[in-house]
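Every read-out reported here was derived from the displayed coordinates using simple, explicitly stated rules and does not represent laboratory data. Just so you know, these numbers come straight off a predicted model, no measurement behind them. In this analysis, Cβ positions are derived from the backbone assuming ideal geometry, glycine residues included, and neighbour counts consider all displayed protein chains.
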Amino acid sequence: MSRIVIALGGNALGKDASEQKKKIREACPSLVGLIEQGHEIIISHGNGPQVGMIQTAFDTASNQSEKIPPMELTECTAMSQGYIGYHLQQGIARELRIQKMPWHVATVVTQTLVDGDDAAFRNPEKPIGAFYTEEEAEQLKEKYPDFVFRQDSGRGYRRMVPSPKPVDIVEKASILNLLDNEYIVIACGGGGIPVVRDEEGDLAGVPAVVDKDYASAKLAEAVGAEYLFILTAVERVCLDFGLPSEREISEMTADEAEKWCREGQFAPGSMLPKVEAAVAFARAKKGNRAVIASLEKAPLAMRGESGTVITAEQ
């Protein structure tokens, strides 16, 4: 039996609550299929569309009514963990009932420890929330002087926040305890709520976004997982993606992956963080294996029949 962390992309979960429940129901047979093979699983997930929707809703409401205060990004991330986890719990519990399996499922609202001196805090580059006109961005800047706004893809201005690297998973002991008691655990949603320790050692949230794939790799390392599955829309990692010379890669070493990263083979904000997270996990402990695969073919990837496997050595 292996312990597996499965990272689901936020875009794979749909644009609204109704679509999300439908997509989760479609995904659950693949997720539970890994348990049927005898493995323990921890599920992490992205929250890009969802946390943006929550923050936009609060921003819009607070601009229209003084009775509704704006909501901090950390709290919006916690909210997204709760409602995505709720839908995953229902979908997985339903599939467990159909398969007559005795496992339980629970969501852990997870904090991710980051370094307050991370260089990312000096250069916010992660876009979040709604698009604004230049005039709207200037008005918000007057209201919130600490906010940073930049043009994003020519579609308007968006708020930019730091994206520091994860240092540790605060709730790792709770996650391990649940695993020991036959729970499927949902954790580190949206990369976790980024927190730093103050001078007294207490935790404080910071307005930032931790990349979901990096956080999933750190989670897998923290709970002693043997596998990290990063599930996405493609069956395998490709070289020369979108070109006539495009080719799929079924296996790569960490050294090969880093070489291709340097050559610009993987798009930033898309495949690049997935490959970098896979390399970090593969090198964290001897025998670790990271797999980038499609959600629908996760059980096949576990048998080596699909996906791209990344290992520290050949």
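Under a 5 Å amide H cut-off, with hydrogens placed 1.01 Å from N, VAL237 pairs with ILE249, THR308 among residues at least 5 apart or on other chains. Given their separation in residues at 0.36 nm each and the Cα-Cα distance between them, GLU263 and SER62 gain 67.8 nm when the chain is fully extended.
When the alpha carbon coordinates of the chain are projected onto the principal axes, the ranges are 55, 46, 42 Å, largest first. Cα centroids of segment 128-153 and segment 60-92: 20 Å apart. Loop-resident GluC sites (Glu not before Pro) (DSSP state other than H, G, I, E or B) in segment 117-153 with no more than 16 further Cβ atoms inside 10 Å of their Cβ: GLU125.
Looking at segment 9-104, the GluC sites (Glu not before Pro) that sit in a DSSP loop and have at most 12 other Cβ atoms within 10 Å of their own Cβ are GLU66.
The loop-placed GluC sites (Glu not before Pro) in segment 256-314, going by DSSP, that have at most 14 neighbouring Cβ atoms within 10 Å of their Cβ come out as GLU263, GLU305, GLU313. Distant-in-sequence amide contacts of VAL148, defined by a placed amide H-H separation under 5 Å and a gap of 5 or more residues or a different chain, comprise MET160. When only alpha carbons are used to place a centre, segment 281-314 and segment 176-216 end up 23 Å from one another. Dimensions of segment 202-314 based on its C-alpha atoms, expressed as ranges along the principal axes with the largest first, amount to 53, 29, 28 Å. Whole-Hz Karplus values for segment 45-52 come out as 8, x, 8, x, x, 6, 5, x Hz, taken residue by residue from phi with 6.51 cos²θ - 1.76 cosθ + 1.60 and θ = phi - 60°; glycine and proline positions read x.
Each residue of segment 76-86 was assigned a 3J(HN,Hα) from its phi angle through the Karplus curve 6.51 cos²θ - 1.76 cosθ + 1.60 (θ = phi - 60°); the sequence is 5, 5, 4, 4, 5, 4, x, 7, 5, x, 4 Hz, with glycine and proline shown as x.
Amide H contacts for ASN47 (H built 1.01 Å from N in the peptide plane; partners 5 or more residues away or on another chain; cut-off under 5 Å): GLY10, GLY190. When DSSP assigns beta bridges and you keep just the ones with both residues in the chain, what percent turn out antiparallel, to the nearest 5? So the antiparallel bridges amount to about 40 percent of the total. Scanning the chain for trypsin sites (Lys or Arg not before Pro) lying in DSSP loops with no more than 15 further Cβ atoms inside 10 Å, the longest uninterrupted stretch between such sites is 156-284.
Calculate for the chain the 222 nm mean residue ellipticity that helices alone would give, adding -39,500 (n - 2.57) per DSSP H run of length 4 or more and normalising by residue count, nearest 500 deg cm²/dmol.
Details: 9 runs with 121 residues, N = 314.
Roughly -12500 deg cm²/dmol at 222 nm, from the helical runs in the chain.
The mean sequence separation of alpha-carbon pairs under 8 Å and at least six residues apart, normalised by the residue count of the chain, gives a relative contact order of 20 percent. Between ARG94 and VAL148, take the C-beta separation as r, use R0 = 51 Å, and let me know the FRET efficiency to the nearest 0.05. FRET efficiency, ARG94 to VAL148: 0.75.
Between GLU256 and GLN139, 0.36 nm times their residue separation minus their Cα-Cα distance comes to what?
On the way: separation 117, 0.36 × 117 = 42.12 nm, distance 4.75 nm.
Here the answer is 37.4 nm.
May I ask you to compute the full-extension gain from ALA233 to ALA130, defined as 0.36 nm times their residue separation minus their alpha-carbon distance, rounded to one decimal in nm? Write down the numbers at each step before the final one.
Numbers: separation 103, 0.36 × 103 = 37.08 nm, distance 2.43 nm.
Computed gain between ALA233 and ALA130 is 34.7 nm.
Here the Karplus curve 6.51 cos²θ - 1.76 cosθ + 1.60, taken at θ = phi - 60°, turns the phi angles of segment 201-215 into couplings of x, 7, 8, 9, x, 10, x, 7, 10, 8, 4, 4, 6, 5, 5 Hz, with x standing for Gly and Pro.
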